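To start, the structure itself, in structure tokens.
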Amino acid sequence: MKINEERVVVDGPAGAIELIVENPGAPRGIALICHPHPLFGGANTNKVTQTLARTFTHLDYVALRPNFRGVGGSTGTHDHGYGECEDMLSVLADAKRRYGDLPVALSGFSFGAYVQTRVAQALVEANHPAQRLVLVGTAAGHVEGARQYTVKPVANDTIVIHGAVDTTVPLANVLAWAEAMNLPVIVVPGADHFFHRRLHVIRDIITRAWRH
């Protein structure tokens, strides 16, 4: 199934938010997908982010891949997840105007997964909770580069996927975060942080979960 990528610009709190939109036509949901850390080369063209988008379009969701502040055509400067959360809420509001009040799936990779836990909490507080979350390589705890992430609690049906040999975000960090919630973590043997040669595993996990 060939789905065209469309580049769209949405107005956000700090100015323009550039995003890639992939619309399968007559979507049954909106999938918002967040990329890894913008100060370490993260962008919406990242392979894991792209895999998440393609997976959701094959599940008949319109997939939105915004660039965070300061990346590509998105204006503003990095705000450690706070402003980025506000930006994602603006993207979702615009998407609901464009496509209708459809169920929302939140998905993110690394720093993007961290941001999505904040977005999910904001949606719960607004009484419009997301349908489900998919978090891959979640930035949690102390991460390479002297960064510290306190990740928000998430719903118990959240899909958490992590690489067994991730040296950027140690698996132990994610297990420690998940333990307090009794939240299962799907560990992919042999997978590093960027899931080299394991991208198809991410796709298969999500597809199976959605079709059950």
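The values are calculated or read from the model by the stated rules, or taken from the named source; none is laboratory data. Predicted, not measured: the structure shown is a model, and the values here were computed from it. Cβ: placed from backbone, ideal geometry, glycine included. Neighbour counts: every protein chain shown. Accessible surface is based on the protein model in full, side chains and every heavy atom, while ligands, DNA and RNA are left aside. Shrake-Rupley method; radii C 1.70, N 1.55, O 1.52, S 1.80 Å.
Where the only charges are on Cβ atoms (+1 Lys, Arg; -1 Asp, Glu), what is the dipole of the chain about its Cα centre, to the nearest 20 debye?
Values: 19 positive and 19 negative charges, 111 e Å.
Computed about the Cα centre, the dipole is about 540 debye.
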Whole-Hz ³J(HN,Hα) from phi, Karplus 6.51 cos²θ - 1.76 cosθ + 1.60, for segment 174-187, glycine and proline x: 6, 4, 5, 5, 6, 4, 5, 9, 6, 9, x, 10, 8, 9
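How big is the Rg/Rh ratio for segment 96-212, C-alpha atoms only, Rh by Kirkwood, two decimals? It would help to have the intermediate numbers written out before the result.
On the way: Rg = 14.3 Å, Rh = 14.7 Å.
Rounded to two decimals, Rg/Rh equals 0.97.
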Peptides 55-67, 2-14 ordered by average Cβ neighbours within 10 Å, highest first: 55-67, 2-14
Long-range HN-HN contacts of Ala16 with modeled amide H, under 5 Å: Thr75
Heavy atoms of Phe40: accessible area, 1.4 Å probe, square angstrom to 10: 130
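Counting pairs of alpha carbon atoms under 8 Å apart in space and at least six apart in sequence, what relative contact order in percent does segment 113-177 give? Could the numbers behind the result be given before it?
Values: 90 pairs, mean separation 22.9, N = 65.
Rounded, it is 35 percent for segment 113-177.
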Length gained when the stretch His78-Asp101 is fully extended (0.36 nm per residue, less Cα-Cα span): 5.3 nm
Estimated vicinal HN-Hα couplings, Hz - segment 60-72 in sequence order (Karplus 6.51, -1.76, 1.60; Gly, Pro = x): 6, 9, 7, 9, 10, 10, x, 8, 5, 3, x, 10, x
Point-to-point label distance, Thr150-His128, nm (Cα→Cβ direction, 7 Å offset): 2.7
Label point distance in nm, Ala16-Ala180, each placed 7 Å from Cα along Cα→Cβ: 4.0
Residues with amide H under 5 Å from that of Val160, placed H, sequence gap 5 or more: Leu135, Ile186
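Roughly speaking, what is the stretch gain from Thr207 to Ala43, that is 0.36 nm per residue apart minus the C-alpha to C-alpha distance, in nm to one decimal? Walk me through the numbers before you get to the answer.
Working: separation 164, 0.36 × 164 = 59.04 nm, distance 2.38 nm.
Result for the pair: 56.7 nm of gain on full extension.
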For Ala191, residues with placed amide H under 5 Å, excluding near neighbours: Ala164, Val165
Relative contact order of the chain, defined on C-alpha pairs under 8 angstrom at six or more residues apart (%): 17
Equivalent-ellipsoid semi-axes of segment 161-212, from the Cα gyration tensor, Å, largest first: 19, 17, 6
Per-residue [θ]222 nm for the chain (sum of -39500 (n - 2.57) over DSSP H runs n ≥ 4, rounded to 500): -10000 deg cm²/dmol
Nearest-20 debye value, segment 1-77 charge dipole, Cβ charges on Lys, Arg, Asp, Glu: 200
Relative contact order computed over segment 33-81 (Cα-Cα under 8 Å; 6+ residues apart), in percent: 37
Alpha carbon centroid spacing (whole Å) that separates segment 144-182 from segment 26-50: 18
